[in-house]
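*Asks:* This is the structure, below, for whatever I ask next.
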Amino acid sequence: MLKRLRIWFRALFNRAAAESDLADELRFHLEQQTQLYVRQGLALDEAKRRARLDFGSVDDVKERHRDQRGTRGIEDYTADLRYAVRGLWRDRALAIAGVLTFALGIGATTAVFSAVNAVMLRDLPFRDPERLVAVWEENPDRGWHKNSVAPANYLDWRAQVTAFEGAAGYTDYQTTVTLLGQGEPQLLAATYVTGNFLSVMGVTPLLGQSFGEGDDWDSGQRPMILSHRTWRNQFRADSAIIGKSVSLGGRRPWQVVGVLPEGFAFPEPSTDVYLPMLWPRADREAVYFRRAHWMRVVARLKPGVSPQAANTSLQTVAKRLEEQYPATNTRMGAGITPLHDWIVGDTRRPLIVLLAAAGVLLLIACANVGNLLLVHALGRARDVALRFALGATRARVARQALLESLVLSFMGGAAGLLLGWLGARALLAMQPKGLLPVSDVAVDYRVLAFATALAVVSGLLFGTIPALNATRQAPAEALSAGGRTFTGSRVRRWGRYLVVAEVALTAMLTVGAGLLVRSYDRLSKVDPGFDPNGVLTTKLELPGSRYDSATKVISFYASLLDRALALPGVEGAAVVRELPVTFASWSSNMAVAGRAPMEQSVDILHREVLGDYFRVMRVRLLRGRTFTAADAPDAPPVVIINETLAKQYFPNEDPIGQRITFDRVPDSTSFWRTIVGVVADERQASLAQPSQPEIFAPFAQDPSPRMTLVVRTRSGTDPVTLAGPVRLAVRGLDSLLALTSNRPMTEVHGEAMSRERFTSALVLVFAVTGLALALVGVFGVLAQLVQARFREMGIRLALGAQRADVRWLIIRHGTALLVIGIGSGLLIALGATRVLDALLYEVQPTDALTYVAVGFLIFVVGTLASLIPALRAGAADPSHTLRAE
């Protein structure tokens, strides 16, 4: 075996030496035979002649010897590879066009696949991630599904669900803290977690230790854990940070107990610090601790326990809690979802749509390159015919053609992988907030394997037809009469098929893009219920350790409002709990005085406002009044409701003066409020979701430390110019307070459509690129047709045909291809675009206007693309044709 390996190695990598040894050995045999005949008495020349006759053909012996080495197949493939490279080098224009076209298709597909891989295929960076599940609550009466969890319910699950090895909780939102003592005050994103959070996740801190379950309750300690990014950026990767005290804007410092490893990005990649819950122990038995739903829960299943068995155990506990706590848990169900699926969430469908769009673009690119190779094969028809005439087999010729396409595909694949890497970085940088729940889109072995597979499959796909076409050539016909009619008709026929396929794929892709664009246009025209123009928004969050009373919180925001109103260029200012089209605020039940309790639980949203918020945001007052300075903390409690709530719960009566409470079943402890006004609806969670019933309360009667200042500027004043003065106003009230965000309301409004805008724009770019490639294909096929029939055109003109008729002949041929391709593509789109249904807003996947517009657009631009070949055909000179004959 070692001897054979040495022979193979020598034959493959030191061919000159192997051939020299073979020649020496053959020469030795001939010399020995010659000497034998000389000793027998023959003359030297006769002895040489007899020796050569006995030995036979030297070349034949060499070939048999080479076959015995076992490297013939490799040598043949190597020779064919060199031939393919030389052929592409000779036709560099075709090679460059093919590589660029293919790189475009594979680059787009690889970029999107990189995101799909990072979000959907990559394993979670936790120990035994398949055992991690998200646990949620649901209530059909309130329309809740996969909803956040009440802390008391979570604690009962943790203690009673036997299928859980452990269950941890974290806040359903990020809060902010102000880091002091590290230069200028810096805002850090904080997530509150239960003490067993890291142990359930299966993550060990890089430095220090994690929290303990005792940290769920306030014992006077203030431990904190830093993310790796915060440790590196804010604390310069100080390895002695463990045990040090850090000020987060309150009176009491926090102590760093751990640093997380790099890459840990749960529940949000932007989390800077992790803080323990520190619940007061008195909360455990409080009603609101089971009524308020604001946590998310992740559980680790015991080894060998299936998700189905765990869900059964969870349902048993949920039923028990419903019986024990009917006031809060009636019809309150629970469920589990694998954590990987939970993290992917609603990102899955947009990514699949983008990957499918990129795949269609790649198919269009393959068809385009296939057409280029057909033209290339047509130019080499006589060369291939000569090979057949000299004894080449059809398999060898087909292999050479296929290798040529594979060389082209691998070159394009390498360039496409580079484009894909750059595209993945651009995708991560330009993505709208929340589209990709990951902080990194790496090119790992899956992406490399995917790109390689694309290169191979695509090379085979667009190289098969030219290879098959090469094997069907008849040498005698190809060499006769210059080979004018040999394979030209077959090549042109295959070219027409490929162009029809290109146009069909382009029509399907463009319909998808058109539907998304139409949906985005509809969404952009939705009335949000407010005027975002000329408004600056500034989010703030007061640290509870320094603003530990309602009086302090109210005083700060009232002073800030006064300072904002005094700024030059300000028309009005107000403070609101949550901005519209960003987040649905907290919710509750509701009961109306004098009415029986509602049969089913209701879900009413709440927001608190300070100042004339409705005038600042230009929300119409439909009835009654807005809040005034008289609605003070000690004044009778009042509220304003939106139009949806008024229509739904007061359809045939005036709601003004009605009294409501936020309890489903009122009792002696219920707090009653009087409705004093009705305002028009605002979109709360997003533009795509209809307005929900909502109650507004005066901030003085329901203060909150986390609020947003909204400032409307006078006409002609850019709200961005007020960002600095507002920041100074905040700094003047509290120099240790940092702003969460400071941006125009138009930007907030635009962000509400960012995902739809991003998806539709990217698919539209793919569609436009595909359309351009399809037009190149139409142009190429018609140019081939004109070149092949140029002599015919000259004869037609010589016999009296009009030039317009000749031009129309070419245009008619092109439009026929367009009609067939467009019709096929639109039929395919009728079924394929149904996957977009969940991404569309007020647009059906079968929207007739989109289909007609796309068909018309492709037909018009395709017809324009056929004009240049048609004009060339009409310019044929009959005299040249006749002289040539």
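*Asks:* Per residue and in cubic angstrom, what volume does the convex hull of the Cα atoms of segment 239-364 have?
*Replies:* Working: hull volume 30.0 nm³, N = 126.
Considering the Cα atoms of segment 239-364, their hull volume per residue is 238 Å³.
*Asks:* Need one value: the accessible area of Arg727 in square angstrom, 1.4 angstrom probe, rounded to the nearest 10.
*Replies:* 110 Å²
*Asks:* Then there's this: Mind giving me the nanometre distance, one decimal, between the label points for Ser741 and Leu827, set 7 Å out from Cα along Cα→Cβ?
*Replies:* Modelled inter-label distance: 4.8 nm.
*Asks:* So what does Thr717 come to for accessible area, using a 1.4 Å probe and Å² rounded to 10?
*Replies:* The value for Thr717 is about 50 Å².
*Asks:* Where Rh denotes the Kirkwood radius from the mean inverse Cα pair distance, what is Rg over Rh for segment 644-787? Walk me through the numbers before you get to the answer.
*Replies:* Numbers: Rg = 26.5 Å, Rh = 21.6 Å.
Ratio of gyration radius to Kirkwood radius: 1.23.
*Asks:* Continuing with the same structure: Of Arg807, Arg673, Arg349, which has the most accessible area and how do the rest follow, probe 1.4 Å? Display every interim value, and only then the final one.
*Replies:* Details: Arg807 75, Arg673 20, Arg349 100 Å².
Largest to smallest exposure gives the sequence Arg349, Arg807, Arg673.
*Asks:* What's the whole-number percent of alpha carbon pairs in the chain lying beyond 53 angstrom?
*Replies:* Details: 147082 of 391170 pairs.
Cα-Cα pairs in the chain separated by more than 53 Å: 38 percent.
*Asks:* Quick one: accessible surface of Leu736, probe radius 1.4 Å, all protein chains present, in square angstrom to the nearest 10.
*Replies:* Around 70 Å² of this residue is reachable by solvent.
*Asks:* Along the charge dipole of segment 534-646, Cβ charges K/R +1 and D/E -1, which of Thr551, Ala632, Ala593 sits furthest on the positive end?
*Replies:* So the residue we want is Ala632.
*Asks:* Something else: Quick one: putting +1 on the C-beta of Lys and Arg, -1 on the C-beta of Asp and Glu, what dipole do you get for the chain around its Cα centre, in Debye to the nearest 20? Before the final figure, lay out each step's value.
*Replies:* Details: 97 positive and 81 negative charges, 694 e Å.
Dipole size: approximately 3340 debye.
*Asks:* Which residues does a label at Gln160 reach in segment 291-319, if reach means a backbone N under 14 Å from a point 7 Å past the Cα toward the Cβ?
*Replies:* Residues 313-319 fall inside that zone.
*Asks:* With +1 assigned to the C-beta of every Lys and Arg and -1 to the C-beta of every Asp and Glu, and no other charges, what is the dipole magnitude of segment 166-257 about the Cα centre in debye, to the nearest 20? Numbers along the way, then the final one.
*Replies:* Working: 7 positive and 7 negative charges, 77 e Å.
Around 360 debye, computed over segment 166-257.
*Asks:* So how much slack lies between Leu733 and Ser555, counting 0.36 nm per residue of separation and subtracting their Cα-Cα distance, in nm?
*Replies:* On the way: separation 178, 0.36 × 178 = 64.08 nm, distance 1.04 nm.
Contour length minus Cα-Cα distance gives 63.0 nm.
*Asks:* Oh, and also: Taking R0 as 60 Å, what's the FRET efficiency between Arg251 and Thr452 from their Cβ-Cβ distance, rounded to 0.05? Don't jump to the answer; show the numbers that get you there.
*Replies:* Values: r = 60 Å, r/R0 = 1.00.
Calculated transfer efficiency: 0.50.
*Asks:* Tell me the volume per residue, in Å³, of the convex hull enclosing the alpha carbons of segment 494-622.
*Replies:* Residue-normalised Cα hull volume stands at 272 Å³.
*Asks:* How much of the accessible area of segment 149-193, in percent, comes from carbon and sulfur atoms when a 1.4 Å probe is used?
*Replies:* 44 percent
*Asks:* Further question: For segment 678-763, report the accessible area per residue in Å² (1.4 Å probe, heavy atoms, rounded to an integer). All intermediate terms of the calculation are to be shown ahead of the outcome.
*Replies:* Details: 3130 Å² over 86 residues.
So segment 678-763 comes to 36 Å² accessible per residue, rounded to a whole number.
*Asks:* Of Thr746, Ala688, Gly770, whose Cα points farthest to the positive end of the dipole of segment 626-784 (charges on the beta-carbon: +1 Lys, Arg; -1 Asp, Glu; origin at the Cα centre)?
*Replies:* Gly770
*Asks:* Could you tell me what fraction of 2.2 N^0.38 Å the Cα radius of gyration of segment 412-461 comes to, as a two-decimal ratio? Intermediate results must be reported in sequence, preceding the final value.
*Replies:* Numbers: Rg = 12.7 Å, N = 50, 2.2 N^0.38 = 9.7 Å.
This ratio for segment 412-461 stands at 1.31.
*Asks:* Further question on the same structure: Nearest 10 degrees, 0 to 90: what angle lies between the long axis of helix 754-788 and the longest principal axis of the chain (Cα atoms)?
*Replies:* Computed tilt is about 20 degrees.
*Asks:* Of the options Ala358, Gly195, Pro719, report the single residue whose Cα projects farthest towards the positive end of the charge dipole of the chain (beta-carbon charges: Lys, Arg +1; Asp, Glu -1).
*Replies:* Farthest towards the positive end: Ala358.
*Asks:* Same structure again: Would you kindly calculate the translational diffusion coefficient of segment 100-224, applying Stokes-Einstein with the Kirkwood radius from alpha carbon pairs, for 37 °C and a viscosity of 0.692 mPa s, and quote it in µm² s⁻¹ without decimals? Don't skip to the answer; put the middle values down first.
*Replies:* On the way: Rh = 18.5 Å.
The Stokes-Einstein estimate is 178 µm²/s.
*Asks:* Tell me, what is the FRET efficiency for Asp283 and Met598 to the nearest 0.05, using R0 = 25 angstrom and their Cβ-Cβ distance as r?
*Replies:* On the way: r = 28 Å, r/R0 = 1.11.
It comes out at approximately 0.35.
*Asks:* I've got another one for you. How big is segment 636-712 by Rg and Dmax over its Cα atoms, in Å?
*Replies:* Radius of gyration, then largest Cα-Cα span, for segment 636-712: 13.9, 43 Å.
*Asks:* Next question, about the same structure. For the pair Ser754/Val861, report the inter-label distance in nm, with labels modelled 7 Å from Cα in the Cβ direction.
*Replies:* Each label point lies 7 Å from its Cα, and together they span 2.9 nm.
*Asks:* Have a look at the DSSP beta bridges in the chain and tell me what percent are antiparallel, nearest 5.
*Replies:* 75 percent
*Asks:* When only DSSP loop residues count, what GluC sites (Glu not before Pro) in segment 569-639 have their Cβ near at most 10 other Cβ atoms within 10 Å? Intermediate results must be reported in sequence, preceding the final value.
*Replies:* Details: sites: Glu571, Glu578, Glu599, Glu608; in loops: Glu578, Glu599.
Taking segment 569-639 and a limit of 10 other Cβ atoms within 10 Å, the loop GluC sites (Glu not before Pro) found are Glu599.
*Asks:* When only Cα pairs under 8 Å and 6 or more residues apart are kept, what is the percent relative contact order across the chain?
*Replies:* 15 percent
*Asks:* While we're here: Find how many whole Å separate the alpha carbon centroid of segment 245-262 from the alpha carbon centroid of segment 153-184.
*Replies:* Distance between centres, Cα-based: 16 Å.
*Asks:* Now for a separate question. If contacts are Cα pairs under 8 angstrom and at least 6 residues apart, what is the relative contact order of segment 208-323 in percent? Show your work: numbers first, answer last.
*Replies:* Details: 113 pairs, mean separation 35.1, N = 116.
Reported as a whole number, the value is 30 percent.
The values are calculated or read from the model by the stated rules, or taken from the named source; none is laboratory data. Bear in mind the structure is a predicted one, so any value in this text is a computation, not a measurement. A quick note on method: Cβ atoms are made from the backbone with ideal geometry, for glycine too, and the neighbour counts reach across all protein chains shown. In case anyone asks, the SASA skips ligands and DNA or RNA and just uses the protein heavy atoms, side chains included. Shrake-Rupley method; radii C 1.70, N 1.55, O 1.52, S 1.80 Å.
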